[in-house]
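As C-alpha cells, the structure follows; a few thoughts come after it.
The values are calculated or read from the model by the stated rules, or taken from the named source; none is laboratory data. Here the structure is a predicted model, which means the values were calculated and not measured. Neighbour counts run over all protein chains shown; Cβ positions are idealised from the backbone, glycine included. Protein only, heavy atoms only, side chains kept; ligands, DNA and RNA dropped before computing areas. Shrake-Rupley method; radii C 1.70, N 1.55, O 1.52, S 1.80 Å.
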Amino acid sequence: EASKAGFISELQALVSDPSASPTAQLIAAQTFLGQGEMTKEALHCVYQGATMEHLAMCCQIYLKMDRLDLAQQTLRKMKQKDEEAVLSQLCACYIAIYTGSSEALDAVHIIGSLTEQYGACTMLLNLAATAYMAAGQYAEAETNLIEAI
C-alpha cells in the first residue's frame, strides 16, 4: 500500500511539471481513473490538453462525473477540430448512450458506419450491444455480444 501511494504521488509530481509530455498526462489520467476515487486528479491531467486524445479522455471523465453538459461541450470542440475523427465519433456514441434510449440508436448508426469503415472488432461490437441495451433492444444487443464472443 505504501509503494502504491508513493507511485501515485510520483505520478502526480510528474504531470504537475509544465513540461510533462501529452502521453505522460494521458497515462497518468488513465492510472488515476483506474484507482477508483481519483477522478478529479485524472481530469486535472488532461483538461488543458489540446490533442484529440486529451479531449476524448475529458469527455469520458465528464460522463463519469455525471456532467453531460461538459461532455457535450467537449464533443463540440472535438467536432470543430475534426468531425470525422474516430475519437469524435466514439465520444458522440458515449454521449448518446449516456443520454439513454432517446438517442442510443444514433450511437448504433455511428457504430455501424465505423464497422463498415474499419471492420467489426470486439470493442465496436460491445459498444453496439451497449447502445442497443440503452435503446431497450435486447435481442439485437445479444446478437452483437454473441458475435463479439
Just to be sure, is I8 assigned to a helix (DSSP H, G or I), among the β-branched types (V, I, T) and crowded, with 20+ Cβ neighbours inside 10 Å?
no
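When you scan region 134-146, how many residues do you find that are exposed (fewer than 13 other Cβ atoms within 10 Å of the Cβ) and touching a residue at least 24 places away in the same chain (Cβ under 8 Å)? Can you show your working first?
Let us first name the residues in region 134-146 that are exposed (fewer than 13 other Cβ atoms within 10 Å of the Cβ), namely 136, 138-139, 146.
Next, only the ones that are touching a residue at least 24 places away in the same chain (Cβ under 8 Å) stay: 136.
Qualifying residue count, region 134-146: 1.
Is it true that Y62 is without any contact (Cβ under 8 Å) to a residue 24 or more places away in the chain and in contact with a Ser or Thr (Cβ under 7 Å, 6 or more places away or on another chain)?
Numbers: without any contact (Cβ under 8 Å) to a residue 24 or more places away in the chain: yes; in contact with a Ser or Thr (Cβ under 7 Å, 6 or more places away or on another chain): yes.
Yes: the conditions hold for Y62.
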How many residues are open to solvent by less than 20 Å² (accessible area, probe 1.4 Å) and within 15 Å of I27 (Cβ to Cβ) if we restrict to region 59-82?
1
Subset of region 21-40, residues surrounded by fewer than 15 Cβ atoms within 10 Å (Cβ to Cβ) and farther than 25 Å from D66 by Cβ, comes to S21, P22, T23
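Please specify each residue of region 120-133 satisfying the condition of being open to solvent by less than 30 Å² (accessible area, probe 1.4 Å) and small (G, A, S).
Of all residues in region 120-133, those open to solvent by less than 30 Å² (accessible area, probe 1.4 Å) come to 124-125, 127-129, 131.
Listed by number, the residues that qualify are A128, A129, A131.
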Could you list, ordered by first residue, the pairs with Cβ atoms under 7 Å in which the first is in region 23-50 and closer than 10 Å to I61 by Cβ and the second is part of a loop (DSSP other than H, G, I, E, B), at least 6 apart or interchain?
F32/M38; T39/M65
Keeping to region 127-136, report how many residues are closer than 14 Å to H109 by Cα and of a type outside the set (A, V, I, L, M, F, W, C).
2
Scan region 83-101 for residues that are within 20 Å of Y62 (Cα to Cα) and open to solvent by 70 Å² or more (accessible area, probe 1.4 Å) and jot them down.
E83, Y98, S101
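Which of the helices (runs of 4 or more DSSP H) found entirely inside region 31-149 contain at least 1 residues meeting this: farther than 30 Å from A20 by Cα, of a type in the set (S, T, Y) and touching a helix residue (DSSP H, G or I) at 6+ places or on another chain (Cβ under 8 Å)? Talk me through it step by step, then tell me what you get.
Working: elements: 39-46, 52-64, 68-82, 86-99, 101-118, 122-134, 138-148.
Correct list: 86-99, 101-118, 122-134, 138-148.
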